[in-house]
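Taking it in order: structure first as C-alpha cells, then the write-up.
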Amino acid sequence: MERDESTVVGVFEASNMMYRWHLASKQIDSVALEISTRRGARPEVMLELPRDPSKAPAFAVIWSFPMLVGMLSGERSAVITCDPTFAKGTFTGPAHVLVVGWRSRRNCREVQLLVSAEIPARYAMRGDTLTALVQHAEGETAGTWIVRWVIGTARC
C-alpha cells in the first residue's frame, strides 16, 4: 500500500484488483488488473493439448504476488509483481511492472523487469521512478547493483 495526504492505493495477494481509497470522501474505487502475460496457458498451447497431453503442465497457473505498489503522476498507479517458484530453499522468479490509469480505467502494457530471477530484488518507488537493489551470484562471483527506471505513463 502507498498513501499520500488524500489517497491510499493498495493491492492484495488474493485479488486481481487494485484499490484506491479517497480519505476525505470515504469513497473506494477499483480497477481489475489484467495480469495476462503469465497466468494460465497461451492459446497455441491450448490448441495442442488434445494432440499432446504431456503439455498439460503448461496450463498450471503461476500465482503472482505484489511486491510494491506506488502512485505515479497524472492519476496513475503501478504495481510490481513477482511470479515465485520455490527452488533450492528460496523463492525465485521474474518480476513485472503494470501501470493502471485511474481516469481511463484501464491497464497499460505489463513489462517484465530485467533483473535476476534467481535472487529477488528489493524495490522502492518515488514519483515516476522505480529503483531496485539487484543482486547477482554466479559461481564464486557476486555483485550488487542499483538500477533505476523512469516509468513512462504518457500512453496510459
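Every number here is computed from the coordinates shown, using simple stated rules; none is lab data. These numbers were taken from a predicted model, which means no experiment stands behind them. As a convention, Cβ positions derive from the backbone with ideal geometry for all residues, glycine included, and neighbour counts pool all protein chains shown.
Brief remarks on what is shown
- For the chain, relative contact order (Cα pairs under 8 Å, six or more residues apart, normalised by length) works out to 14 percent.
- Whole-Hz ³J(HN,Hα) from phi, Karplus 6.51 cos²θ - 1.76 cosθ + 1.60, for the range 145-151, glycine and proline x: 10, 10, 10, 10, 10, 9, 7
- In units of the compact-protein estimate 2.2 N^0.38 Å, the chain shows a Cα radius of gyration of 1.18.
- Within the range 68-93, backbone nitrogen closer than 17 Å to the virtual label 7 Å beyond the Cα of R3 toward Cβ: 69-71
- Cut-off under 5 Å, modelled amide H: who pairs with L33 long-range: M17, M18
- L133/E75 FRET efficiency (R0 35 Å; Cβ-Cβ; nearest 0.05): 0.75
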